[in-house]
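Quick notes on the structure that follows.
Bear in mind these aren't lab numbers, they're just calculated from the coordinates by the rules spelled out. Model, not experiment: these values are computed from the prediction. Here the Cβ positions follow ideal geometry from the backbone for every residue, glycine too, while neighbour counts run over all protein chains shown.
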Amino acid sequence: MTSRRTFLAKSSLLAGGLLLRGSAANSAMAHGMSTRANTLNASTLTPFVDPLPLPPIAKPQGLRALPTSAKLKLPYYRLAARPIDMKVHRALKPTRFWSYGGSVPGPTLETRSGEGVLVEWANELPQQHFLPIDHRLHGAEREKPRVRTVAHLHGAKTRPESDGYPEDWIVPGTSAVYHYPNDQDAAMLWYHDHAMGINRLNIYAGLFGSFLVRDAVEDALNLPRGEFEVPLALFDRLLTPDGQLYYPVSDKPDAPWVPEVFGDAILVNGKLFPYSEVKARKYRLRVLNASNGRFYHLAFSNGMEFHQIGTDQGLLPAPVALKSLLIAPGERADLVVDFAQHRGEAIVLKNDAFVVMQFRVSAQKVEDNSSLPRTLRPVPRIGESQAVKTRLLTLDEYTNLVAEPILLLLNGTYWHQPITEKPVLNTTEIWSFVNPTDDSHPIHLHLVRFQILDRQHYEPWAYQTKNELKFLGPAEPPAPNEAGWKDTVRADPRMVTRIIVPFEGFIGRYVWHCHILEHEDNEMMRPYEVVAS
Ligand code: C2O
Ligand code: CU
Ligand code: CU
């Protein structure tokens, strides 16, 4: 390992003190590098004493004309970002968050496919940030306002001016009206902050919420609905002993950025280890991983099976039976769980060995008229021959001489460099992500939905030294529960992950990035532009 590190240091890969990270020994060091202030040990709190909260449903404040066509009037919502104090556990004092609309997660918008809405995103935050800004990061320089927000609706097909471009941030006392046409299939989207260089801090502070698009296809399936459809937004945090958000910093005061953040306090809809009283019947659980960097590997304590019916961009072709679910930051999973055979049981939802929440199934027998259909909707696979272009894109992590990650790039390119990805509107492309790092990077493209073609192991050494792609095994098709429409894909370590993407909707400038927010904020994000044919 040392000899390889030495080789890398001497090779041309070393640029200005940066090492391209590609060895297996770095992770532990990377994760141990931050100075841990005194944090609360979440496992000392009594679990299952607070009921699972449900974010309120946002209510429109009437109708408003579209700026571009005065005739069309759309439901108009206003969501203001403000500080709030919210109790995350019975035994803790209220925690200061920044919230859209008064709760974390913020209110859920319920909309229908083909029926657009307007949202006024207001910044009513104070002038000072309460989490540690790293002024070396692009977009967060000292001369920039400390508090900036810009809302992005993840998974939405919107015009660029409503997409929340990271540089379109607004300052306290101002607002921006965005138009979401909802010309897309039923799915659980989510809104969150996207401000350049401080996105990880703003989302950690609490600036996110869910946005549901419904449609007739979904309606016709008779899935569990109403009180039997439950959103579960998972987000982990570190807390100080008095219950306040703690965002870790490096040991360098002028460079506080850390490469990843994992908290032991896993919040579900804003509560720590909540419980939910459920009836002995089917429930539809809409799971969102809103964490900065944590991947969840979810399973029930009794080992019971459940079904995944949908992914990021809506329904799968058919339900997929699972005993556990892997979900990366930014991803959504639509699940049907049947408690009918578990009357009177207390079932814990776990993340590997750790507790997430508890379901208390009532002892009563109930009638369940909802269904878990055998098939859901057609998802025709896009043939590779549809693609007019294939792009090979490397995910790079750079370390300093003591193996601490200090920078991440997409295809060796910084944010400010000229746009290199310019797909033509209404064409299909294959994007191949080569991942020489030790981390899985959840890669997300704005505007579009895509399908996963495959993942394939390759020999990293030949790629790093000779730029040669030597595959080590067969191409692995996506797991059945990933074989639907996606907007975020796990690019796993030392694999090439290929997606096929129809670029539909609008022309203009969008972004693609890693959804580990610490990576995204430190250059693992690039603009791309959809151009007219
Ligand atoms: Cu969740 Cu750029 O997005
Ligand atoms: Cu997005
Ligand atoms: Cu990443």
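Expressed as a whole number of Å, what is the distance separating the alpha-carbon centroids of region 429-468 and region 292-356?
26 Å
Starting from the amide H of Y77, placed 1.01 Å from N in the peptide plane, find each other amide H under 5 Å away whose residue is 5 or more places distant or on another chain.
Amide H to amide H, under 5 Å and 5 or more residues apart or across chains, Y77 pairs with Q61, L118, V119, E120.
In terms of modelled amide H atoms, which long-range or inter-chain residues lie less than 5 Å from the amide H of Y246?
Here the answer is L238, L239, T240, since their amide H atoms fall under 5 Å of that of Y246.
Multiply the residue gap between A346 and R78 by 0.36 nm, knock off their C-alpha separation, and tell me the result in nm, one decimal place.
On the way: separation 268, 0.36 × 268 = 96.48 nm, distance 3.93 nm.
Length gained, A346 through R78: 92.5 nm.
Give, as ranges by residue number, the residues of region 190-218 whose backbone N falls under 11 Å from the point 7 Å along Cα→Cβ of L131.
193-195, 198-208
Step through the residues of region 178-190 one at a time and calculate ³J(HN,Hα) from phi using the Karplus curve (6.51 cos²θ - 1.76 cosθ + 1.60, θ = phi - 60°), rounding each to whole Hz and writing x for Gly and Pro.
Once θ is set to phi - 60°, the couplings for region 178-190 become 10, 10, 10, x, 6, 7, 6, 6, 3, 6, 9, 9, 8 Hz.
What FRET efficiency comes out for R159 versus A462 if R0 is 51 angstrom and r is the Cβ-Cβ distance? Round to the nearest 0.05.
Working: r = 43 Å, r/R0 = 0.84.
Here the calculated transfer efficiency is 0.75.
Modelling each spin label as a point 7 Å along the Cα-to-Cβ direction, I'd like the H297/R374 distance in nm, to one decimal.
3.4 nm
Determine the calculated [θ] at 222 nm for the chain from helices alone, applying -39500 (n - 2.57) to every DSSP H run no shorter than 4 residues and normalising by the residue count; nearest 500 deg cm²/dmol. Each step should come with its number before you reach the end.
Working: 6 runs with 39 residues, N = 533.
Value at 222 nm, helices only, nearest 500: -1500 deg cm²/dmol.
What is the sum of charges around A65, taking Lys and Arg as +1, Asp and Glu as -1, for the other residues whose C-beta is under 12 Å from the C-beta of A65?
Numbers: positive: R64, K71, K73; negative: none.
So the surrounding residues net to +3.
Just want to confirm a number: the relative contact order over region 418-484, from Cα pairs under 8 angstrom separated by 6+ residues, in percent. Can you show the working numbers first?
Values: 44 pairs, mean separation 18.0, N = 67.
That works out to 27 percent.
Considering only the other residues whose Cβ falls under 12 Å of the Cβ of E520, what net charge follows from Lys and Arg at +1 and Asp and Glu at -1? All intermediate terms of the calculation are to be shown ahead of the outcome.
Values: positive: R200, R526; negative: D193, E260, E518, D521, E523.
Taking every Cβ under 12 Å from that of E520, the sum is -3.
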